Structure formats: structure tokens, C-alpha cells
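What follows is a short report on a single structure.
The values are calculated or read from the model by the stated rules, or taken from the named source; none is laboratory data. Just so we're clear, the structure is a prediction, and the values are computed from it rather than from any experiment. Don't worry about glycine lacking a Cβ; one is built from the backbone with ideal geometry, like all the others, and counts go over all protein chains shown. Protein only, heavy atoms only, side chains kept; ligands, DNA and RNA dropped before computing areas. Shrake-Rupley method; radii C 1.70, N 1.55, O 1.52, S 1.80 Å.
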Amino acid sequence: MEQTPTEVTKQSDIYHRILALFRRFIFKVNDILHGLVALVLLLAAAATICCSLSNFTSLSTASILNLVNDILFVVIILELLWTMITYLKRQEFPIASFIFIGIISSIRRMLLIEAQVSMGGDAAAHFEHQMMELGMSTAIVLILSFSYYLISRASKAK
């Protein structure tokens with residue numbers, strides 16, 4: 001039996017409606033999961049701040065270093081959260097946020113290495129490795145900064 005053009009059109013309409021419903025369902029689930037991830041990131045940032053403040057017991061170099069390290073980690077978490085919020089608003093993908101996260105992460109690592117070297121101890125035994133890591137982190141910051149410059153310049157040209 002051959003189908004009439006009207007029957008074929010009806011089947012096609014049903015198929016497209018089912019497909020549209022499925023897409024909406026997938027987008028809703030996706031938004032819910034991203035919302036949950038955003039909530040977990042917010043809770044992680046708050047918990048990190050609370051732990052950092054409770055561990056800050058003296059004005060020693062190690063205590064201050066740990067506080068700065070933790071606060072920079074919170075900044076990284078908040079940048080990820082902001083990226084998540086931007087995504088949920090269906091705005092343009094913020095590649096600059098990931099560049100900022102990379103720069104902050106590299107600077108965080110550089111500060112930690114410099115503090116370990118200045119404090120001596122076991123860290124002094126790995127001085128060459130630390131200097132190589134410090135150089136790599138510096139190169140990463142320079143490359144990411146240049147990338148940000150190119151992206152911002154390209155967006156102004158539009």
C-alpha cells in the first residue's frame with residue numbers, strides 16, 4: 001500500500017514534534033545539571049573561604065601563603081561559576097573566562113613555588129625543577145595574555 005502525500009506529511013509532522021519535545025527535554029536536563037554544577041561550585045567556594053579563614057592562625061609566611069593560595073583558588077572557582085552562569089543565560093561562549101582561569105592558575109602556582117623556594121627546607125632540594133616549572137608558568141601567563149589581547153582586538157574589529 002502506498003501512502004498518500006497527506007499521510008506522509010502527517011507522519012513527518014509527528015516525527016518533528018516528537019523530535020522537538022525530545023530536544024526540549026534534553027535542554028532542560030542539561031540546564032538542570034549545569035545549575036547543579038554551579039551550585040556545587042558556589043558551595044565549594046564558600047567552604048574554601050571558611051576553611052582558609054579557620055586555618056589562618058598566625059602571620060607566619062606559611063600561613064599567609066596558604067591563605068593567598070586558597071583565595072586564588074576561590075577566584076578560579078568563581079570564574080568557573082561565572083562561565084557556567086553565562087552559559088545558562090545562552091550568551092556567547094566566554095573564552096576570555098578560561099584565559100583568565102589559566103592566568104590565575106599559573107600565577108597561583110608561581111607564587112607557591114616562589115614561597116617554597118624562599119622558605120627552603122625540602123623545596124630547596126628540587127630547586128632546578130622548581131625553576132623550570134616557574135619558567136613554564138611564566139611562559140603560560142605570557143602566552144595566555146597575548147591570546148587575550150588577540151581575542152579582545154578581534155572582537156573590537158567586528
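The table below lists the values:
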read-out: Accessible area of the chain divided out per residue, in Å², using a probe of 1.4 angstrom; value: 72 Å²
read-out: Value of relative contact order over the chain, rounded to a whole percent, pairs C-alpha under 8 Å and six or more apart; value: 18 percent
read-out: Y149 accessible area, 1.4 Å probe, all protein chains in place, Å² to nearest 10; value: 110 Å²
read-out: Most positive-pole-ward Cα, M132, M84, Q11, against dipole of the chain from beta carbon charges; value: Q11
read-out: log₁₀ of I(q)/I(0) at q = 0.16, 0.23 Å⁻¹ - the range 17-70, Debye sum with one point per alpha carbon; value: -0.61, -0.83
read-out: Cα-based shape type of the range 38-158, given that a ≥ b ≥ c are square roots of the gyration tensor eigenvalues and the cut on a/c is 1.5; value: oblate
read-out: Difference of contour (0.36 nm per residue) and Cα-Cα distance, I143 to S118; value: 6.4 nm
read-out: Furthest towards positive pole of dipole, A20, L144, C51, structure part the chain, Cβ charges; value: A20
